[in-house]
Amino acid sequence: MALAMLVGGPESGQPIVGPGAAQLLAGLGINRLSLLEDPSGIAVVLEGWAFDSADIDEAIRAIYPDASADVRVFREIQQIAVMRSAAGRSPR
């Protein structure tokens with residue numbers, strides 16, 4: 001599963017996540033999209049089993065059609081599963 005986060009800069013505007021963008025993203029193998037917000041702006045998290053992060057430029061154009069140069073891309077570098085111990089307590 002590939003995962004990427006897009007963070008639009010001040011001039012990128014709001015992300016577009018309507019039906020047209022959703023169809024383009026689905027065509028790239030993205031099957032889940034999350035929007036995250038803080039006072040500085042909105043981030044878009046893209047996930048998909050068939051998503052190839054080499055296609056990130058197409059995903060950016062689908063979500064930020066007028067500002068692809070002003071979008072930062074965070075790519076997944078590692079995935080770690082965290083589980084609770086059998087006794088329900090974390091080891092020390």
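Laboratory data are not the source of any read-out in this text; all were calculated from the coordinates shown. Everything numeric here is computed off the predicted structure, so don't read it as measured data. Using ideal geometry, Cβ is built from the backbone for each residue, glycine included, and neighbour counts are taken over all protein chains shown.
Values for this structure:
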{"item": "Residue count, the stretch 1-60 (criterion: within 25 Å of Gln78 (Cβ to Cβ), assigned to a helix (DSSP H, G or I) and of a type in the set (A, V, I, L, M, F, W, C))", "result": "5"}
{"item": "Unmet requirement for Asp66, which otherwise passes all of (1) farther than 19 Å from Ala2 by Cβ; (2) out of contact with any Gly (no Cβ under 8 Å at 6 or more places or on another chain)", "result": "(2)"}
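Condition check ((1) free of Cβ contacts under 8 Å to residues at least 24 places away in the same chain; (2) among the hydrophobic types (A, V, I, L, M, F, W, C)) across all residues:
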| position | (1), (2) |
| --- | --- |
| Ala4 | no, yes |
| Pro10 | no, no |
| Ile16 | no, yes |
| Leu28 | no, yes |
| Leu35 | yes, yes |
| Leu46 | no, yes |
| Phe51 | no, yes |
| Ile63 | no, yes |
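Condition check ((1) charged (D, E, K, R); (2) loosely packed, with under 15 Cβ neighbours inside 10 Å; (3) in contact with a strand residue (DSSP E or B) (Cβ under 9 Å, 6 or more places away or on another chain)) across all residues:
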{"position": "Gly9", "(1), (2), (3)": "no, yes, yes"}
{"position": "Glu37", "(1), (2), (3)": "yes, yes, yes"}
{"position": "Glu47", "(1), (2), (3)": "yes, no, yes"}
{"position": "Ile63", "(1), (2), (3)": "no, no, yes"}
